[in-house]
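Okay, structure first, notes after.
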Amino acid sequence: MKSNLKIIIVSLTCSFLSVLFYSIFLNNSTVKEENNSLAYNNDYFKSFVNTSGYNNNQSSSNFGSPDLTFAAKKSINAVVHVKNTSIVKENDSWALQFFYGDDSRKRVATGSGVIISPDGYIITNHHVIDNSSEVIVTTNDNKEYEAVIVGSDEVTDVAVLKINSNEKFEYLLFGDSENSEIGQWVLAVGNPYNLNSTVTAGIISSKSRDLNEYDQINQSFIQTDAAVNIGNSGGALVNINGELIGINTAIQSMTGGFVGYSFAIPSNIVRKIFEDILEYGDVQKGLLGVRGVALKSSYSKQLNLTDTEGFYIDIIEPGFGADLAGLIKGDIIKEIDGIKINKFSDLSGYLSTKRPGDKVNVTYSRENQLKRTTVTLQKANN
């Protein structure tokens with residue numbers, strides 16, 4: 001009897017100890033697993049937040065759109081209202097003028113302009129001041145000044161004005177439009193519908209945009225979704241630092257009003273034209289000396305090419321830089337000075353920032369092998 005009782009007591013004791021040790025082991029294991037899980041989640045969360053560009057000390061109010069007030073304050077006083085008065089003749093015929101008299105009348109057009117120097121040089125669009133007999137600019141403090149047209153280029157739609165005054169003006173510095181990127185925030189500053197000093201915001205939607213690739217006109221616009229309307233022409237497109245990266249020029253619309261697409265001439269092109277007009281009196285165009293087509297799938301199939309990107313050279317102008325550098329028909333230009341060439345506006349836009357005598361490094365494909373050469377740009381034969 002006593003023997004059986006001892007066996008029972010020993011068995012119960014062992015069972016109790018087994019349960020106790022198992023419980024302790026299980027609890028310790030669970031705590032470790034939970035702690036490991038928390039550590040992993042914290043590390044992951046920290047990594048996620050840092051990757052998105054914010055730190056853990058920022059409040060939720062800082063998330064979202066950037067603060068654009070600095071750029072607005074910096075640019076708003078450098079953008080002017082431009083009023084162009086021109087004389088329009090209804091009857092050009094001398095016979096009609098003889099019988100009915102001179103029926104000339106004044107026509108007033110308005111737009112915007114950007115002061116780019118303290119002594120009052122202004123950039124605007126050619127179409128804003130075309131055929132003008134008088135140009136009046138109004139600054140943000142409602143002061144009016146007469147301006148003279150220093151020079152203008154109809155092809156690029158850029159004009160240079162100068163305020164007749166000895167005053168010092170607030171002005172914008174040129175930014176590097178080549179360094180701007182799709183998705184970056186920008187401000188459009190101008191005078192739509194005579195609503196002076198209007199600021200709108202958006203992002204860069206595309207670069208090197210050609211509105212009509214078949215019209216033989218070199219275009220290479222910055223496309224944005226910042227609201228631009230009639231009267232914004234010649235106004236500023238600025239980055240968040242308040243630097244001028246473009247001149248607002250056009251919208252694409254079936255109604256004449258803004259529908260989400262606006263286009264600006266890149267500042268690198270504008271600056272070069274401004275400097276050319278001041279130094280030479282006209283625009284100096286550096287030519288590569290090639291003709292061809294920007295590749296895409298359909299053209300590549302017709303030409304039996306595997307490449308679907310780049311500029312295909314169909315004609316080499318004899319004696320021009322490309323010819324002298326050894327480029328031939330069938331070569332495909334891939335890059336110029338490290339700028340990737342996917343479409344014709346990539347090529348024409350970059351060359352619009354260059355002058356005759358400038359050298360450019362050309363990367364091209366010949367028989368599926370990449371080659372490089374240096375081309376000296378030349379002036380067009382008049």
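The values are calculated or read from the model by the stated rules, or taken from the named source; none is laboratory data. Since we're looking at a predicted model, the values are computed, not measured. For neighbour counting, all protein chains shown are included, and Cβ atoms are generated from backbone atoms with ideal geometry for every residue, glycine included.
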Exercise. Report, ordered by the first and then the second residue, all pairs with beta carbons closer than 7 Å, sequence separation of six or more or different chains, a first member in the stretch 300-311 that is at negative phi, and a second member that is at pLDDT 85 or above and assigned to a strand (DSSP E or B).
Key: 303/312; 307/332; 307/365; 311/292; 311/294; 311/332; 311/333
Self-check item: In the stretch 99-127, residue nearest to residue 171 (Cα to Cα) [restricted to those that are at pLDDT below 95 and among the aliphatic types (A, V, I, L, M)]
Solution: 109
Exercise. Pick out the one residue from 365, 345, 352 that is touching a residue at least 12 places away in the same chain (Cβ under 8 Å), at negative phi, touching a helix residue (DSSP H, G or I) at 6+ places or on another chain (Cβ under 9 Å) and among the small types (Gly, Ala, Ser).
Key: 352
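With the requirement that a residue be polar (S, T, N, Q) and either at pLDDT below 95 or closer than 26 Å to residue 156 by Cβ (or both), what does the stretch 318-364 give you? Even if it seems obvious, please write down each step before you answer.
Pass one, the stretch 318-364, residues polar (S, T, N, Q): 342, 345, 348, 352-353, 361, 363.
Selection gives 342, 345, 348, 352, 353, 361.
Quick check: is even one residue across the stretch 311-324 among the hydroxyl-bearing types (Ser, Thr, Tyr) and crowded, with 18+ Cβ neighbours inside 10 Å? Spell out how you get there, then give the answer.
Let us first name the residues in the stretch 311-324 that are among the hydroxyl-bearing types (Ser, Thr, Tyr), namely 312.
If we keep only those that are crowded, with 18+ Cβ neighbours inside 10 Å as well, we get 312.
Among the residues of the stretch 311-324, at least one is among the hydroxyl-bearing types (Ser, Thr, Tyr) and crowded, with 18+ Cβ neighbours inside 10 Å, which makes the answer yes.
Residue by residue through the stretch 298-321, note down the ones that are outside any loop (DSSP other than H, G, I, E, B) and over 18 Å from residue 367 (Cα atoms). Reasoning before the result, please.
At the first step, the residues of the stretch 298-321 found to be outside any loop (DSSP other than H, G, I, E, B) are 298-302, 311-316, 321.
If the condition is that a residue be outside any loop (DSSP other than H, G, I, E, B) and over 18 Å from residue 367 (Cα atoms), then 298, 321 are the ones that fit.
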Quiz item: Does the stretch 158-188 hold any residues that are assigned to a loop (DSSP other than H, G, I, E, B), within 15 Å of residue 223 (Cα to Cα) and touching a strand residue (DSSP E or B) at 6+ places or on another chain (Cβ under 6 Å), and which are they?
Solution: 180, 182, 183, 184
Quiz item: If you check every pair at least six apart or on different chains, which have Cβ atoms under 7 Å apart with a residue in the stretch 131-142 that is in the same structural domain as residue 109 (by TED's automatic domain parsing) first and a residue that is of a type in the set (Val, Ile, Thr) and not in a strand (DSSP E or B) second?
Solution: 135/129; 140/76
Quiz item: Within the stretch 123-136, is even one residue farther than 16 Å from residue 190 by Cβ, small (Gly, Ala, Ser) and in a strand (DSSP E or B)?
Solution: yes
Quiz item: Residues in the stretch 267-297 that are in a strand (DSSP E or B) and crowded, with 19+ Cβ neighbours inside 10 Å: how many?
Solution: 4
